[in-house]
Amino acid sequence: MKLLLDQNLSRRLLPELELLFPGSTQVALCGLDKSPDLALWEYARINSFCIVTKDADFLELAVLRGCPPKILRLNLGNVNNARIREVLLAQASAIHAFLQDGAEGVLEID
């Protein structure tokens, strides 16, 4: 499954992530950077993306609407792109397992 980076995550993360998660993108590259969360949710659902975000609002949508799409929430606080990249790459195996798991809809990474 491919990743859809929320607007609070930089598109500069994509080159390395695309090697592990082909087809991944960022909302601005899809023309969705000013769209409400529900529009991102629908886009991700229709296009088979997992939403990657630091925003808790998507957790509420997951509870209300279920899965898909899957939500990968980063509980990293205010960190730079290098730290986000480091965490995502270090957790790539766990993320792949989550994406393959049909039962789980939300993964939170600290």
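Just so you know, all these numbers are worked out from the coordinates, no wet-lab data involved. What you see is a predicted model, and the numbers here were worked out from it, not measured in a lab. All Cβ positions, glycine included, derive from the backbone under ideal geometry; neighbour counts span all protein chains shown.
For every residue, the table says whether it meets (1) of a type in the set (D, E, K, R); (2) over 21 Å from M1 (Cβ atoms); (3) touching a His at 6+ places or on another chain (Cβ under 8 Å).
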{"residue": "A56", "(1), (2), (3)": "no, yes, no"}
{"residue": "L59", "(1), (2), (3)": "no, no, no"}
{"residue": "N78", "(1), (2), (3)": "no, yes, no"}
{"residue": "R85", "(1), (2), (3)": "yes, no, no"}
{"residue": "L89", "(1), (2), (3)": "no, no, no"}
{"residue": "I95", "(1), (2), (3)": "no, no, no"}
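Can you name the residue in region 1-45 that is part of a loop (DSSP other than H, G, I, E, B) and among the polar types (S, T, N, Q) and is also surrounded by the fewest Cβ atoms within 10 Å (Cβ to Cβ) among such residues? Taking the candidates together, the pick is N8. Among the residues of region 1-23, those identified as within 22 Å of R65 (Cβ to Cβ) and either without any contact (Cβ under 8 Å) to a residue 12 or more places away in the chain or not acidic (D, E) (or both) are M1, K2, L3, L4, L5, Q7, N8, L9.
Rundown of residues vs (1) out of contact with any helix residue (DSSP H, G or I) (no Cβ under 6 Å at 6 or more places or on another chain); (2) of a type in the set (A, V, I, L, M, F, W, C), yes/no style:
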site: L19; (1), (2): yes, yes
site: K34; (1), (2): yes, no
site: L38; (1), (2): yes, yes
site: L64; (1), (2): yes, yes
site: P69; (1), (2): no, no
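The set of residues in region 18-51 being touching a Phe, Trp or Tyr at 6+ places or on another chain (Cβ under 9 Å) and closer than 20 Å to L107 by Cβ consists of G23, S24, T25, V27, D37, L40, W41, Y43, F49, C50, I51. Where helices (runs of 4 or more DSSP H) fall entirely within region 55-101, those with at least 2 residues that are more than 15 Å from the chain's Cα centre (by Cα) and more than 14 Å from L9 (Cα to Cα) are at 57-65.
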